[in-house]
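Below: the structure, in structure tokens.
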Amino acid sequence: MQDGYKRDINYLRISVTDRCNLRCLYCMPPEGVEMVDHQEILSLEEIYRVVEAGTLVGIRKIRLTGGEPLVRLGLVGLIDRISKLPQIDDIAITTNGLLLKEMGKDLKKAGLRRVNISLDTMRPMLYRKITRIGRLEKAMEGIETALTLGLNPVKINTVVIRGVNSDEVVDFARWTKEAPVHVRFIELMPIGTSSPWAAENFVPAEEIQRVITDKLGLLQEEKNLAGSGPAKYYRLAGAPGTIGFITAMSDHFCAKCNRLRLTANGYLRPCLFSNGEVEIKTALRSGIGTEELAKIIASTVMLKPDRHHMDYGWNDARVMSQIGG
């Protein structure tokens, strides 16, 4: 399926819940956000129907997000059903990892292929400060579980914030020499609660890369990592893992964007940073057929803008957890 700019759209990111067991400072306020009424959240059956319809118009890759997707009851069963659709060739999840130790085996058995785990620091006290309520040891247990189970490649998502964790980038990079982890440094985006202060705490990927090469040596480009998406990957000499850079702000990758988002409350969103959404829940609950649903998905893709305009600021009342990570 192509959008109006001839980009092939084959990747659906699904927020299965707006709830999260952390309160990360760049994502939501300390008190959290007002939760959407349960009846307004798509059921697992409704999510499955969107995926099924999506396969008719070219959706082949699924990523489950939140909030924190592992807090959604019935998630393992949803993954099992999606994995049985012959057109789907990749199912991944983005998680904070806190529940992976308990759920990892069941997720793997159900058909989960790989995981991205959010981790912004390896210092226990700072982890607590950034997440407000989290425990670093639980996140590390989740990462170890993912590695043990072979949910490869295990990617670590690290949002770099100047004056908060920017002094840890070398430690994260060095980790890739010690374990088969794939650390992705993500530029801070002005989304939700971070919007007022993102500019002054922004660290460009070019600066991060320069710091790493100064301390650890040259980086060799790596082009064969599964599910590489928008990141540009590199490898330190002899390292089992890789280092990636997601340059959403300094060098946007919109020309190669292949994704469509589904929010937990039933909106198809062609671009994270655009308010151009299509409400699909009403159609789902009116008994619409699968082929008609597929037509709505295809028409929504045509609303996808040529590029994001994050440099103009965030203009949505919702925070990231309410849209989908």
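The condition (being in contact with a Gly (Cβ under 7 Å, 6 or more places away or on another chain) and under 24 Å from GLU144 (Cβ atoms)) is satisfied by just one residue among VAL160, VAL181: VAL181. Within the range 225-239, does at least one residue satisfy the condition of being at pLDDT below 85, over 16 Å from the mean Cα position of the chain (by Cα) and of a type in the set (A, V, I, L, M, F, W, C)? The answer is yes, given that some residue of the range 225-239 is at pLDDT below 85, over 16 Å from the mean Cα position of the chain (by Cα) and of a type in the set (A, V, I, L, M, F, W, C). Per the conditions (1) farther than 30 Å from PRO30 by Cα; (2) surrounded by 21 or more Cβ atoms within 10 Å (Cβ to Cβ), the sole criterion not satisfied by GLY150 is (2). When you look at LEU56, is it more than 19 Å from the chain's Cα centre (by Cα), under 20 Å from LYS105 (Cβ atoms) and surrounded by fewer than 17 Cβ atoms within 10 Å (Cβ to Cβ), yes or no? No, not satisfied.
Annotation note: of LEU85, LEU25, the sole residue that is part of a loop (DSSP other than H, G, I, E, B), aliphatic (A, V, I, L, M) and modelled with pLDDT of 95 or more is LEU85.
Does ILE186 satisfy the criteria of being of a type outside the set (Asp, Glu) and within 23 Å of LYS108 (Cα to Cα)?
No.
Just one of the listed residues (ILE47, ILE88, ILE62) is in contact with a Lys or Arg (Cβ under 9 Å, 6 or more places away or on another chain) and crowded, with 22+ Cβ neighbours inside 10 Å, and it is ILE62.
Among the residues of the range 257-308, those that are exposed (fewer than 14 other Cβ atoms within 10 Å of the Cβ), closer than 19 Å to ASP18 by Cβ and in contact (Cβ under 8 Å) with a residue 24 or more places away in the chain comprise ASN275, ARG285.
Residue-by-condition table, conditions (1) surrounded by fewer than 20 Cβ atoms within 10 Å (Cβ to Cβ); (2) outside any loop (DSSP other than H, G, I, E, B); (3) touching a residue at least 60 places away in the same chain (Cβ under 8 Å):
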| position | (1), (2), (3) |
| --- | --- |
| LYS101 | yes, yes, no |
| LYS109 | yes, yes, no |
| ILE117 | no, yes, no |
| LEU126 | yes, yes, no |
| GLY134 | no, no, yes |
| ALA146 | no, yes, no |
| VAL169 | no, yes, no |
| ALA173 | no, yes, yes |
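Scanning the range 249-306 for residues that are small (Gly, Ala, Ser), over 24 Å from ILE186 (Cα atoms) and in a loop (DSSP other than H, G, I, E, B) yields GLY266, GLY276, SER286, GLY287, GLY289. Answer with yes or no whether TYR5 is farther than 26 Å from GLY150 by Cβ, touching a Pro at 6+ places or on another chain (Cβ under 9 Å) and of a type in the set (Phe, Trp, Tyr). Considered against the rule, which asks whether it is farther than 26 Å from GLY150 by Cβ, touching a Pro at 6+ places or on another chain (Cβ under 9 Å) and of a type in the set (Phe, Trp, Tyr), TYR5 comes out as yes. Residues in the range 40-81 that are more than 23 Å from CYS20 (Cβ to Cβ) and either at pLDDT below 95 or touching a strand residue (DSSP E or B) at 6+ places or on another chain (Cβ under 6 Å) (or both): GLY54, ILE59, LYS61. For THR290, the stated conditions hold: it is at pLDDT 95 or above, of a type in the set (S, T, N, Q) and touching a helix residue (DSSP H, G or I) at 6+ places or on another chain (Cβ under 7 Å).
Could you tell me whether the range 33-55 includes any residue that is in contact with a Cys (Cβ under 8 Å, 6 or more places away or on another chain), under 26 Å from VAL159 (Cα atoms) and not in a helix (DSSP H, G or I)?
At the first step, the residues of the range 33-55 found to be in contact with a Cys (Cβ under 8 Å, 6 or more places away or on another chain) are none.
Among the residues of the range 33-55, not one is in contact with a Cys (Cβ under 8 Å, 6 or more places away or on another chain), under 26 Å from VAL159 (Cα atoms) and not in a helix (DSSP H, G or I), which makes the answer no.
Would you check if TYR5 is aromatic (Phe, Trp, Tyr), at pLDDT below 95 and either over 23 Å from CYS271 (Cβ atoms) or surrounded by fewer than 18 Cβ atoms within 10 Å (Cβ to Cβ) (or both)? Yes; evaluated as a whole, the condition is true for this residue.
Within the range 91-144, the set of residues being among the hydroxyl-bearing types (Ser, Thr, Tyr) and within 20 Å of ALA226 (Cβ to Cβ) comprises THR94, THR95, SER118. Of all residues in the range 197-218, those being small (Gly, Ala, Ser) and under 17 Å from TYR233 (Cβ atoms) number 2.
Looking across the range 21-46, just one residue is β-branched (Val, Ile, Thr) and within 14 Å of LEU73 (Cα to Cα), and that is ILE41.
The values are calculated or read from the model by the stated rules, or taken from the named source; none is laboratory data. Only a predicted model underlies this, so the values are computations on that prediction, with no experimental measurement involved. For neighbour counting, all protein chains shown are included, and Cβ atoms are generated from backbone atoms with ideal geometry for every residue, glycine included.
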